[in-house]
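Here is the structure we will look at.
The values are calculated or read from the model by the stated rules, or taken from the named source; none is laboratory data. Since the structure is predicted, the reported quantities are computational estimates derived from the model, not experimental observations. Backbone-built Cβ (ideal geometry, glycine too); neighbour counts: all protein chains shown.
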């Protein structure tokens with residue numbers, strides 16, 4: 001699991017980093033908002049841990065810019081701000097959890113584990129339907145006993161759609177969250193992947209929202 005940590009307190013940053021690495025997480029530590037944003041626009045992470053009051057660009061603005069770009073990477077605010085208005089602002093922007101300083105490292109660990117379960121991060125399999133299972137490590141899809149070896153990007157599109165089931169996912173959102181920032185697939189490329197997935201799953205699962213994107217219908 002790849003985690004970006006933004007915390008400008010050098011000692012706390014080191015403590016959190018050591019704790020997360022002891023849990024076998026891969027951690028990128030940053031100390032100011034500008035560096036964090038640069039990292040987030042060059043690498044795809046599984047989770048973002050953001051302090052709010054940091055130099056250059058604050059945590060609220062960083063998450064707002066990510067969400068404006070359609071990047072839905074799960075995020076947890078780690079902050080000393082404790083007013084209800086701050087809490088509301090964090091969730092309104094699109095954070096997934098909020099932990100107030102001071103806190104026990106074990107509490108942070110529990111919250112991260114909850115995020116992992118919620119978003120199927122590092123899960124070995126995803127149960128798409130009672131007879132359809134996708135192995136997220138080798139991208140093998142078992143559809144009622146028939147095995148399909150999915151290409152990596154095709155599998156990642158399916159995983160993303162399933163994790164965002166019953167909501168419209170735009171072309172831009174797929175591009176930002178799967179291809180990152182070095183590649184820009186054409187709409188035709190994405191349509192081809194979707195077409196291939198429909199052949200395997202049936203037409204009913206992935207619906208096209210004309211001019212917008214796609215929606216996965218979880219039964």
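The figures follow:
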{"item": "Near pairs, Cβ below 7 angstrom, 6+ apart or cross-chain, from segment 78-95 (in contact (Cβ under 8 Å) with a residue 24 or more places away in the chain and on the phi > 0 side of the Ramachandran plot) to any residue that is assigned to a helix (DSSP H, G or I) and surrounded by 16 or more Cβ atoms within 10 Å (Cβ to Cβ)", "result": "94/63"}
{"item": "Some residue of segment 160-175 being under 23 Å from residue 12 (Cβ atoms), touching a residue at least 60 places away in the same chain (Cβ under 8 Å) and crowded, with 16+ Cβ neighbours inside 10 Å", "result": "no"}
{"item": "Within segment 113-137, tally of residues that are more than 17 Å from the chain's Cα centre (by Cα) and either surrounded by 12 or more Cβ atoms within 10 Å (Cβ to Cβ) or outside the structural domain of residue 164 (by TED's automatic domain parsing) (or both)", "result": "7"}
{"item": "Top-ranked residue in segment 196-219 [being over 23 Å from the mean Cα position of the chain (by Cα) and surrounded by 12 or more Cβ atoms within 10 Å (Cβ to Cβ); ranked as farthest from residue 154 (Cα to Cα)]", "result": "202"}
{"item": "Residue in segment 148-159 that is modelled with pLDDT of 90 or more, surrounded by fewer than 19 Cβ atoms within 10 Å (Cβ to Cβ), within 19 Å of the chain's Cα centre (by Cα) and not in a helix (DSSP H, G or I) present", "result": "no"}
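So that you can scan it fast, the table gives a plain yes or no per residue for (1) buried (at least 16 other Cβ atoms within 10 Å of the Cβ); (2) closer than 20 Å to residue 180 by Cβ; (3) at pLDDT below 90:
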{"position": "36", "(1), (2), (3)": "yes, yes, no"}
{"position": "48", "(1), (2), (3)": "yes, yes, no"}
{"position": "54", "(1), (2), (3)": "yes, no, no"}
{"position": "66", "(1), (2), (3)": "yes, yes, no"}
{"position": "87", "(1), (2), (3)": "yes, no, yes"}
{"position": "95", "(1), (2), (3)": "yes, no, no"}
{"position": "104", "(1), (2), (3)": "no, no, no"}
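Quick grid of which residues meet (1) assigned to a loop (DSSP other than H, G, I, E, B); (2) at pLDDT 90 or above; (3) out of contact with any helix residue (DSSP H, G or I) (no Cβ under 8 Å at 6 or more places or on another chain):
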{"position": "176", "(1), (2), (3)": "no, no, yes"}
{"position": "184", "(1), (2), (3)": "yes, no, no"}
{"position": "192", "(1), (2), (3)": "no, yes, yes"}
{"position": "195", "(1), (2), (3)": "no, yes, yes"}
{"position": "200", "(1), (2), (3)": "no, yes, yes"}
{"position": "214", "(1), (2), (3)": "no, yes, no"}
{"position": "218", "(1), (2), (3)": "yes, no, no"}
